[in-house]
1. Name, by its number, the condition in (1) surrounded by fewer than 18 Cβ atoms within 10 Å (Cβ to Cβ); (2) among the small types (G, A, S); (3) at pLDDT 85 or above that does not hold for A56.
2. Looking at I91 and the list (1) more than 25 Å from G111 (Cβ to Cβ); (2) in contact with a helix residue (DSSP H, G or I) (Cβ under 7 Å, 6 or more places away or on another chain); (3) part of a helix (DSSP H, G or I), which single condition is not satisfied?
3. Mind counting the residues in the range 39-83 that are without any contact (Cβ under 8 Å) to a residue 12 or more places away in the chain and either of a type in the set (S, T, N, Q) or part of a helix (DSSP H, G or I) (or both)?
4. What pairs come out if I take residues in the range 5-21 that are on the phi > 0 side of the Ramachandran plot and part of a helix (DSSP H, G or I) and pair them with residues that are among the β-branched types (V, I, T) and surrounded by 10 or more Cβ atoms within 10 Å (Cβ to Cβ) whose C-beta lies under 7 Å away, six or more apart or interchain?
Amino acid sequence: MPYGDLMVIALYIMIFGLIAIVTFVIRNFGPSIVEYINSKTTEQQRELLAFLARSAVLFARNRFGHLSGQEQFTQAIDYFNKALVEKGIPISREEMEGLLELAYEEAKKAGLLQSLSKKIDEN
């Protein structure tokens with residue numbers, strides 16, 4: 001049975017490492033992704049992207065608040081991707097992640113996520 005325990009510990013270490021790497025990449029390259037998007041889109045398209053990203057973050061937090069942060073992020077990416085496909089806006093996964101991270105930080109600063117988490121806890 002000690003091998004089973006080692007496998008679980010190794011799995012936790014790999015998951016933590018992956019989360020750390022994704023966080024590092026988003027934090028360091030997120031602003032450059034936003035700059036790239038700004039150079040390739042119109043003001044109206046940027047507003048639409050920001051709105052859809054905020055909607056995806058709030059949807060994932062409200063609907064899947066019981067899941068881990070990474071699972072909520074995955075749900076937000078799926079929701080955001082579906083909305084972009086419906087609107088006919090092609091962007092890469094890295095660009096989606098950068099926009100969602102930015103939307104998350106803005107929602108957190110605005111207090112929207114805190115109020116949603118309190119609402120979830122009350123139910």
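The values are calculated or read from the model by the stated rules, or taken from the named source; none is laboratory data. Everything numeric here is computed off the predicted structure, so don't read it as measured data. Here Cβ is always computed from backbone atoms with ideal geometry, including for glycine, and neighbour counts include all displayed protein chains.
1. (1)
2. Of everything listed in (1) more than 25 Å from G111 (Cβ to Cβ); (2) in contact with a helix residue (DSSP H, G or I) (Cβ under 7 Å, 6 or more places away or on another chain); (3) part of a helix (DSSP H, G or I), I91 misses just condition (3).
3. Summing the residues that are without any contact (Cβ under 8 Å) to a residue 12 or more places away in the chain and either of a type in the set (S, T, N, Q) or part of a helix (DSSP H, G or I) (or both) in the range 39-83 gives 15.
4. none
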